[in-house]
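A quick write-up on the structure given underneath.
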Amino acid sequence: SQTIHQWPATLVQPVGSPLSLECTVEGTSNPNLYWYRQAAGRGLQLLFYSVGIGQISSEVPQNLSASRPQDRQFILSSKKLLLSDSGFYLCAWSGPYEQYFGPGTRLTVT
Amino acid sequence: QQPVQSPQAVILREGEDAVINCSSSKALYSVHWYRQKHGEAPVFLMILLKGGEQKGHDKISASFNEKKQQSSLYLTASQLSYSGTYFCGTAKYNTDKLIFGTGTRLQVFP
């Protein structure tokens, strides 16, 4: 069966520090992968999606970037975090009909 | 553009029914429904496709009016486990990139 992992689960970072969040998928090959951000009490904002290695589409202009160095690995990065980057970051992959979400990373920028 | 959901919040007693609506300003190919418990990742409930096909949860039903670009989720005989925030996700084409709605918070009390 397919499994999606994200780490770390929680992260507290100062403003201006770099960020790297990792997502890996098991049990499937060549999945479509997504990064979402959810601010406290808000909806899901699509940040990036990828249909293959090295193929990244950005949905929202911001100081974040994404990379897909391997088929089942998706990384979200930032060179300098802003306070507004705080939130719950979710990675997801697409099944035949639905998206499966990872457990998420709760990021607090102080 | 982000789909609009109504109502924003619903409070129910166990056994009561609820309807959650999702409205888009653009033509839709599919509508997906997810439920998110506090602090957890969203979980897929069902998908409704243009043309009438549906796949998903046995105890939850939904409708999709393609002409009105609207979908409704019907929760009958609610249980405590139904509590959470419900999101619709819409796709314009036969693609799995979703734009999620504003969310509806549902609370079920004994």
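The values are calculated or read from the model by the stated rules, or taken from the named source; none is laboratory data. Because the structure is predicted, anything quoted here is derived from the model rather than measured. Cβ placement follows ideal geometry from the backbone for every residue including glycine, while neighbour counts extend to all protein chains displayed.
Points to keep in mind about this one:
- Any hit, the range B:91-99, residues being in contact with a Leu (Cβ under 8 Å, 6 or more places away or on another chain), facing chain A (nearest Cβ under 10 Å) and of a type in the set (D, E, K, R): yes
- Selection status of A:Ser84, surrounded by fewer than 20 Cβ atoms within 10 Å (Cβ to Cβ), in a strand (DSSP E or B) and at pLDDT 90 or above: no
- Residue check: B:Lys50 meets all listed conditions (1) surrounded by 16 or more Cβ atoms within 10 Å (Cβ to Cβ); (2) more than 10 Å from chain A (Cβ to nearest Cβ); (3) closer than 25 Å to A:Ser57 by Cβ but one, namely (1).
- Yes/no for B:His38 being within 13 Å of chain A (Cβ to nearest Cβ), modelled with pLDDT of 90 or more, surrounded by fewer than 16 Cβ atoms within 10 Å (Cβ to Cβ) and more than 15 Å from B:Val10 (Cβ to Cβ): yes
- Any hit, the range B:4-12, residues being at pLDDT 90 or above, surrounded by 14 or more Cβ atoms within 10 Å (Cβ to Cβ), assigned to a loop (DSSP other than H, G, I, E, B) and not basic (Lys, Arg): no
- Residue match in the range A:33-46 (condition: touching a Pro at 6+ places or on another chain (Cβ under 9 Å), more than 22 Å from B:Gly84 (Cα to Cα) and either assigned to a strand (DSSP E or B) or among the small types (Gly, Ala, Ser) (or both)): no
- Selection of the range A:17-30 for residues being surrounded by 15 or more Cβ atoms within 10 Å (Cβ to Cβ) and either modelled with pLDDT under 90 or more than 13 Å from chain B (Cβ to nearest Cβ) (or both) yields A:Leu19, A:Leu21, A:Glu22, A:Thr24, A:Val25, A:Thr28.
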